[in-house]
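Here's the structure, in structure tokens; my notes come after.
The values are calculated or read from the model by the stated rules, or taken from the named source; none is laboratory data. Predicted model only: the values in this text are computed from it and were never measured. Note: ideal-geometry Cβ built from the backbone for every residue, glycine included; neighbour counts use all protein chains shown.
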Amino acid sequence: MSNSAAPVRHNEAEHRYEIALEGHLAVAEYEFADGKQVFTHTLVPPEFRGRGYAEALVRTALNDAKAAGRKVVPACSYVAKFIERNKEFASLLA
């Protein structure tokens with residue numbers, strides 16, 4: 001289930017992808033290490049879970065990584081499971 005009504009924004013200064021949700025923020029955070037993009041944390045406020053926001057964040061982030069030719073490390077369990085379920089991103093794994 002995807003919610004395209006809420007746009008995903010890449011906040012490069014904060015090293016995260018984010019969606020503004022009625023005064024709250026859903027985020028997929030990352031850092032760079034050894035030339036790889038390491039996804040460290042995905043968080044959606046409890047009252048907004050189950051609506052596809054985490055999927056939208058991670059899909060956007062991985063598409064950006066793919067477009068930039070970067071390898072990724074899913075240190076976040078959600079990102080790891082997402083890649084397992086969406087094999088088109090498996091080639092990004094470092």
- Filtered residue count, the stretch 33-47, keeping only those that are touching a helix residue (DSSP H, G or I) at 6+ places or on another chain (Cβ under 6 Å) and part of a strand (DSSP E or B): 3
- Query: How many of the residues making up the stretch 69-92 are farther than 15 Å from GLU31 by Cα and surrounded by fewer than 16 Cβ atoms within 10 Å (Cβ to Cβ)?
  - Reply: 11
- Task: Take the stretch 35-63 and flag every residue that is farther than 17 Å from ALA6 by Cβ and either β-branched (Val, Ile, Thr) or more than 10 Å from the chain's Cα centre (by Cα) (or both).
- Result: GLY35, LYS36, GLN37, VAL38, THR40
- If you check every pair at least six apart or on different chains, which have Cβ atoms under 7 Å apart with a residue in the stretch 6-17 that is closer than 14 Å to GLU55 by Cα first and a residue that is part of a loop (DSSP other than H, G, I, E, B) and at pLDDT 95 or above second? TYR17/VAL8
- Message: Please determine whether any residue of the stretch 25-39 is touching a Lys or Arg at 6+ places or on another chain (Cβ under 8 Å) and of a type in the set (Gly, Ala, Ser).
- Response: yes
- Condition met for HIS41 (of a type outside the set (Phe, Trp, Tyr), surrounded by fewer than 18 Cβ atoms within 10 Å (Cβ to Cβ) and in contact with a Ser or Thr (Cβ under 9 Å, 6 or more places away or on another chain)): no
